[in-house]
1. Against the definition (open to solvent by 10 Å² or more (accessible area, probe 1.4 Å), in contact with a helix residue (DSSP H, G or I) (Cβ under 6 Å, 6 or more places away or on another chain) and either more than 16 Å from the ligand (Cβ to nearest atom) or not in a helix (DSSP H, G or I) (or both)), how does P234 come out, yes or no?
2. Name the single residue, out of those in the stretch 195-223 being part of a helix (DSSP H, G or I) and buried (at least 19 other Cβ atoms within 10 Å of the Cβ), that is farthest from the chain's Cα centre (by Cα).
3. Collect the residues in the stretch 237-252 that are of a type outside the set (S, T, N, Q) and either near the ligand (Cβ under 9 Å from one of its atoms) or open to solvent by 40 Å² or more (accessible area, probe 1.4 Å) (or both), keeping them in residue-number order.
4. Go through the residues of the stretch 27-39 one by one and say whether even a single one is touching a helix residue (DSSP H, G or I) at 6+ places or on another chain (Cβ under 7 Å), more than 16 Å from the ligand (Cβ to nearest atom) and part of a helix (DSSP H, G or I).
5. Quick check on the stretch 132-150. Is at least one of its residues within 12 Å of the ligand (Cβ to nearest atom) and either under 17 Å from Y259 (Cβ atoms) or open to solvent by less than 10 Å² (accessible area, probe 1.4 Å) (or both)?
6. Please state which one of F77, F107 is open to solvent by less than 40 Å² (accessible area, probe 1.4 Å), out of contact with any strand residue (DSSP E or B) (no Cβ under 6 Å at 6 or more places or on another chain) and more than 16 Å from the ligand (Cβ to nearest atom).
7. Restricting the search to the stretch 161-194, which residues are part of a loop (DSSP other than H, G, I, E, B) and closer than 17 Å to M115 by Cβ?
8. How many residues are among the polar types (S, T, N, Q) and farther than 17 Å from F209 by Cβ if we restrict to the stretch 300-316?
Amino acid sequence: MKYNFDEIIDRRGTDCLKYDFGMKRKGRNDLLPMWVADMDFRLPQEILDDLHKRIEHGIFGYTDPLDDYFEALNHWFSTRYGYTVDPAWVTLGAGLVYGIHVSIQAFTEPGDGVMVMQPVYYPFSEAIKNNGRKLVNCQLCYRDGHYSIDFEKMEQEIRGENVRALIFCSPHNPVGKVWTREEIERIAEICLANDVIMMVDEIHCDFIFPGHKFFSCMCLEEKYRKNLALYSSPGKTFNVAGLQSANIIIPDEALRAKYKKANTMAGYSQANIMGQEALKACYMKGADWVDELVEYIWGNVQYVKEFIAANLPKAKFVEPEGTYLVWIDFSGYGLTPEELEHVIVDEAKLWLDSGAIFGAETALFERFNLGCPRSVVEQAMKQLKEAFDRLS
Ligand SMILES: Cc1ncc(COP(=O)(O)O)c(C=O)c1O
């Protein structure tokens, strides 16, 4: 490997949400954090050099994307996923969650149904409720450690609950599902037939494991793009979420006009200059680093899978097909959600994202963030095993 992902970099004292907020958020500072989707790897020097160059200039005024921004975007999309976008389709935003909030205001009316597929990234549900829309959940089916979509239920609920938009997570956080082309086309067909805006969050699309292929919704047939809004950013792939930049890509002119109007009403004008700079550097120079990163994370996933099978036989590891998050089912231990939280926090001294936040039915699951050096994963697994061993 050209890059060293084993290096431990101390992030404490850098105003880092993951490491510096234990006291504020959990009332203690002794937990190993594997919660928020934020990785502990340093960007490669070739990307940092571009950022340094920009900082050295010393002036950080207003900005807007120029041709080289869209060239970088299309370089990444075309070399990795086989599509390009027209720059006119792209509106910048202060993150994906921001774009999703604005979209709900733009595409739906108060009281309208907006669908999610739980367990799913919880800010989707918050965005729906915060905007006075009706949360309609088409729960993913969970059988034998695998997740799938009940398409009949989806269509029924769309019709019965006046659903006007669907927020689709592709790949799916937290279950690690990489949806196939067939599944995505089926959803697109249901949305088109029922006049539902398909809001697709592809932020995890660069983390795809062997045997799986990412199919971007931008590669759907033209007719499906009429009601498509795609949310994309280098935020997860390069861990630049703190630079708050995102691309909201809407091919249809009328739909885009609605988004732009709501975006203006939200008071957004120009993007973050460092976010823009980072996107250009990452997308033009980061391909090799990402390839190695995904391979490294796949190694972390395999480690956890084997460790759980060997040491925590009552826990069920949901095999991820992508993302750097793993989803583990602890229901086999017969604990209540409060007891599970006690084991994870007080005994294992881990800070995870409890399954409860992703939906009511998954309170006995935990999400682990494996975007960290292998030795950290090993330490976390050791703490987890010791905590569960003490139970029996
Ligand atoms: C599926 C998904 N969408 C969006 C985000 C956050 O995006 P942003 O920081 O650009 O708002 C995350 C972060 O974990 C995520 O997992």
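The values are calculated or read from the model by the stated rules, or taken from the named source; none is laboratory data. Fair warning: this is a prediction, and the values are worked out from it, not measured in the lab. Positions of Cβ are backbone-derived with ideal geometry, glycine not excepted, and every protein chain shown enters the neighbour counts. With ligands, DNA and RNA removed, areas are computed over all heavy atoms of the protein, side chains included. Shrake-Rupley method; radii C 1.70, N 1.55, O 1.52, S 1.80 Å.
1. Details: open to solvent by 10 Å² or more (accessible area, probe 1.4 Å): no; in contact with a helix residue (DSSP H, G or I) (Cβ under 6 Å, 6 or more places away or on another chain): yes; either more than 16 Å from the ligand (Cβ to nearest atom) or not in a helix (DSSP H, G or I) (or both): yes.
Answer is no for this residue.
2. Filtering the stretch 195-223 for residues part of a helix (DSSP H, G or I) gives 217-219, 222-223.
Subset that is buried (at least 19 other Cβ atoms within 10 Å of the Cβ): 217-218.
Numbers: C217: 16, M218: 18 Å.
Across the stretch 195-223, the extreme among qualifying residues is M218.
3. Looking only at the stretch 237-252, we keep the residues that are of a type outside the set (S, T, N, Q), and these are 238, 240-243, 246, 248-252.
Scanning the stretch 237-252 gives A241, G242, L243, A246, D252.
4. no
5. Looking only at the stretch 132-150, we keep the residues that are within 12 Å of the ligand (Cβ to nearest atom), and these are none.
The answer is no, given that none of the residues of the stretch 132-150 is within 12 Å of the ligand (Cβ to nearest atom) and either under 17 Å from Y259 (Cβ atoms) or open to solvent by less than 10 Å² (accessible area, probe 1.4 Å) (or both).
6. Working: F107 fails: out of contact with any strand residue (DSSP E or B) (no Cβ under 6 Å at 6 or more places or on another chain).
So the residue among F77, F107 that is open to solvent by less than 40 Å² (accessible area, probe 1.4 Å), out of contact with any strand residue (DSSP E or B) (no Cβ under 6 Å at 6 or more places or on another chain) and more than 16 Å from the ligand (Cβ to nearest atom) is F77.
7. Taking the stretch 161-194 and keeping what is part of a loop (DSSP other than H, G, I, E, B), we get 161-162, 170-171, 173-176, 178-180, 194.
Correct list: E161, N162, S170, N173, V175, W179, N194.
8. We begin by selecting, within the stretch 300-316, every residue among the polar types (S, T, N, Q); these are 300, 302, 311.
The next check asks that each one be farther than 17 Å from F209 by Cβ; those that pass are 311.
Residues flagged as among the polar types (S, T, N, Q) and farther than 17 Å from F209 by Cβ within the stretch 300-316 amount to 1.
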